[in-house]
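First up is the structure itself, then whatever we jot down about it.
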Amino acid sequence: MSLIPFCIYMKTFPDFIKGEIVWEILIRLPVASLAKFKSVSKAWHAIISDPIFVREHLQCSKQKQDRKAPSFIISPLVLLDPGPPMRFATNVRLYQWRLEEDMKSEAELIYGRHFRPGEFGPVCSMAHCDGLVLLPTNTKAYVFNPITKDAIALPASKRNKMQYHRPLPTGLGFDASTGKYKVARSFYRSRHYTAEVVKMGMEVFTINGEEGKWRETVVDPPFPILNSQTGTHVNGCLFFFIDKNNHQRPPQGLLRFSLKDETFGVTPLLPNIYP
Amino acid sequence: MAAPESGDGNNGAARMVTLISSDNTRFEVEAAAASLSQTLQLTILDGGGGGGDGIPLPNVDSATLSKVLEYCIKHAPAAANGGAPNATAVDRAELERFDNEFVNIDQSVLYSLIMAAHNLEIEGLQSLVAKKVADMIKGKSPMEIRRTLGFPDPTPEEQAEMNAHMLEYGWAYE
C-alpha cells in the first residue's frame, strides 16, 4: 500500500530537486531553518554552505528586514562591584526588541551564554553587523551569531606589549571585496606610556577565513587610538576616536580603517564637534 | 524584417499571441502578458506567436499553463508600468491579495508551477512560488523533507550524521 504515495512522489519531484530551484527556495528560508536543513542531504549542505549562497541569502534577508519594523538587540551589562567598571557579570544575554506600532511588544531573549566567572574582566560596548555581535573584553574578543546560536572566541594574540587591564580598541565590520566579516583590534607596541608618542599597531581576524589567527596589517595606525572603545562600522570602514593625549598634533577628526584595503585615513569633523 | 510592428498599443487593439501547451491546447493571450516570460519575450519581439502559428510549449501542460497565464494577465499592467512606481497602494494591496490566493493551491500544482515558472523564466512567479514552498517547509524536520522530496531513506552513516547534527542544533528543531 505504501507504494502508491512513493510513485506519486517519484513522478512529481525529481525535477523539483534541480539545484537552481532548490537554491531559489532555500534563499527564502530563515537562518534557523537553514541550520537545520544542512542535514537533509549532501547537496543541500553544499548549497547552504556555499559563500555565494550565504551572501545572496543575506541580501534577501536585508530586503525582507527593510519591510519590517526596526528591531534592536539589547544586552544588559551587569557591573558586579560598585566603583570603577572593573568586574562585569560573565553572563551574556542578548534580547531582541522590535519596534511594533502598538509599542507593547516585549524584548525576547534570543541568545544566552554563561562564561566561567573570571573568564574576562572589563568589557567594551558590543558592536553589531548584519546579525553578528562582537563583545570585546580585556582578555579575548567574542563574536556571537544569536540566530544560529554560534559563538566563537577569537584566539589570543601576543602582539600587545603594554600591561593593560581594559579592552583594546576593537571593531567588527564587513569587507564587501572578500565577502568576509573582519574583526580589527589595535594594540600597543610600546611597554609604557611615555612622553613620546605611543606606538600602536593593528591586527585583523577574518571570521571563517583560512588563517584562523590574527594577522598584523602592513601599515600601522598613523595616530594612537583612544583605548577601551568599540569601533563604529559604516560602509566597510571602522571609525575610532584618536587618543589626543598621546600625540603632539592630533588631527581634528576620526581615525578611519578600511576593511578592504586595511589602510588608514582621517575623516574630518566640524571644529566644534566632540572630540 | 525591418518593418516595425505597428499593432503595439498605439491603435488600441492589443497584439495577441497564441501559446500551445504540451497536450495541444491553444491559449490566446495579449503579447504584453506573455512577455512576462523572459523565454517568450524574445520570440514575441521577433514577431512570433501571431496568427495561426502559435508558440509550442512542450514542457507545460494545459492545466499549468492556464494557471501561469492567470498570473501573467493579472501582473502585466503593473509590469508595463516598469515595476509600477506610480501604482497606488490599493493596486499593490490588490496584487498582494491576488498573489496570496494564487498560491493557496494543491502541492502538486505548486510543483508544476515552480517548474513552469523556471522554464519560462517568469521572475515574479518564480519568486512567489519559491516563497510559498519555503514557508511550507521551514517548520519541517530534515527527515520529513527527505520523505516529501522522495529521497531514499538515509544510509546508517547519513542517519548518524543527521543525529549528530540534531544534537548540535537541537534548538533549531523546536
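The values are calculated or read from the model by the stated rules, or taken from the named source; none is laboratory data. The structure presented is a predicted model; accordingly, all values stated were derived computationally and were not measured. Ideal geometry is used to build each Cβ from the backbone, glycine not excepted, and the neighbour counts take in all protein chains shown.
Structure above, values below:
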| quantity | calculated |
| --- | --- |
| Tally, over region A:223-275, of residues that are of a type in the set (D, E, K, R) and more than 23 Å from A:L132 (Cβ to Cβ) | 3 |
| Residue check for B:N100: surrounded by fewer than 18 Cβ atoms within 10 Å (Cβ to Cβ) and within 10 Å of the chain's Cα centre (by Cα) | no |
| Counted residues, region A:102-158 - those being among the small types (G, A, S) and surrounded by 14 or more Cβ atoms within 10 Å (Cβ to Cβ) | 9 |
| Spans of helices (runs of 4 or more DSSP H) in region B:54-146 with at least 2 residues away from chain A (no Cβ under 14 Å) | B:62-80, B:89-102 |
| Counted residues, region A:62-100 - those being surrounded by 11 or more Cβ atoms within 10 Å (Cβ to Cβ), closer than 26 Å to A:P122 by Cβ and among the charged types (D, E, K, R) | 2 |
| Every residue from region B:147-157 that is more than 7 Å from chain A (Cβ to nearest Cβ) and within 24 Å of the chain's Cα centre (by Cα) | B:T148 |
| Any hit, region A:38-49, residues being exposed (fewer than 14 other Cβ atoms within 10 Å of the Cβ), out of contact with any strand residue (DSSP E or B) (no Cβ under 6 Å at 6 or more places or on another chain) and under 23 Å from A:S177 (Cβ atoms) | yes |
| Out of A:V219, A:V234, sole residue that is in contact (Cβ under 8 Å) with a residue 12 or more places away in the chain and either outside the structural domain of A:G179 (by TED's automatic domain parsing) or closer than 20 Å to A:V183 by Cα (or both) | A:V219 |
| Strands (runs of 3 or more DSSP E) enclosed by region A:172-275 - at least 3 residues per element that are modelled with pLDDT of 95 or more and β-branched (V, I, T) | none |
